[in-house]
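Following: one structure in structure tokens, then a few remarks.
The values are calculated or read from the model by the stated rules, or taken from the named source; none is laboratory data. Only a predicted model underlies this, so the values are computations on that prediction, with no experimental measurement involved. FYI the Cβ positions are ideal-geometry reconstructions off the backbone, even for glycines, and counts take in every protein chain you see.
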Amino acid sequence: MELWDLIDGERKPLGRTHIRGQHMEPGTYHVVVCVWTVNSSHKILITLRHPGKDEYPDFWENTAGSAQTGEDSKTAAIRELFEETGIRVTEDELTLLGTRKEKSQFADTYIVRRDIERANLTLQDGETVDACWVSLRELDELIAAGKMAPPVVQRLALLRNEFEDFIF
């Protein structure tokens, strides 16, 4: 059972938790983190969602997940990146690109530089089944072909300038 800390529309703690998978009360939110990993060759790491996932099976995405009870945004980003890829980073290595307030969540998008070979990644069972490094052009082609998870595409569109500034 995964628990999330609830916050209000101003991102203030409500002092309550929520069980993942249950209906969220209107006016309550939780924190979601998204992490883009970019290497020194300006390539972007993407992972393929497990075919058994309820939402967006077999779609490409960046690392993402919900902050669990007691975690702040950066701590959650560090944990999610490690769980889904085996990549270890520190808070200082993460750059916040921006935050998007959505229906029931605040999505914090981070970016980090890391050089790691595909063979050295550790994919999380039940979450991801593949990973690859792509150029910005290749990422755009996957988006145009409808192969990237829609929430990833929507969040990236709002932060596109910051994303490209970091890559190059």
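Would a scan of region 131-146 turn up a residue that is at pLDDT 95 or above, surrounded by fewer than 17 Cβ atoms within 10 Å (Cβ to Cβ) and part of a strand (DSSP E or B)? Among the residues of region 131-146, at least one is at pLDDT 95 or above, surrounded by fewer than 17 Cβ atoms within 10 Å (Cβ to Cβ) and part of a strand (DSSP E or B), which makes the answer yes.
Only a single item in (1) assigned to a loop (DSSP other than H, G, I, E, B); (2) under 22 Å from K101 (Cα atoms); (3) out of contact with any Asp or Glu (no Cβ under 8 Å at 6 or more places or on another chain) is not met by D58, and it is number (2). Among the residues in region 107-117, are any crowded, with 19+ Cβ neighbours inside 10 Å, among the acidic types (D, E) and within 29 Å of G27 (Cα to Cα)? Within region 107-117 (the criterion being crowded, with 19+ Cβ neighbours inside 10 Å, among the acidic types (D, E) and within 29 Å of G27 (Cα to Cα)), the answer is yes, since at least one residue qualifies. Residues in region 8-51 that are without any contact (Cβ under 8 Å) to a residue 40 or more places away in the chain and at positive phi: G15, G21, G27. Scan region 90-122 for residues that are over 14 Å from C34 (Cβ atoms) and either in a loop (DSSP other than H, G, I, E, B) or touching a helix residue (DSSP H, G or I) at 6+ places or on another chain (Cβ under 8 Å) (or both) and the total you get is 11.
Checked against (1) without any contact (Cβ under 8 Å) to a residue 60 or more places away in the chain; (2) out of contact with any Asp or Glu (no Cβ under 7 Å at 6 or more places or on another chain), T95 meets all criteria but (1).
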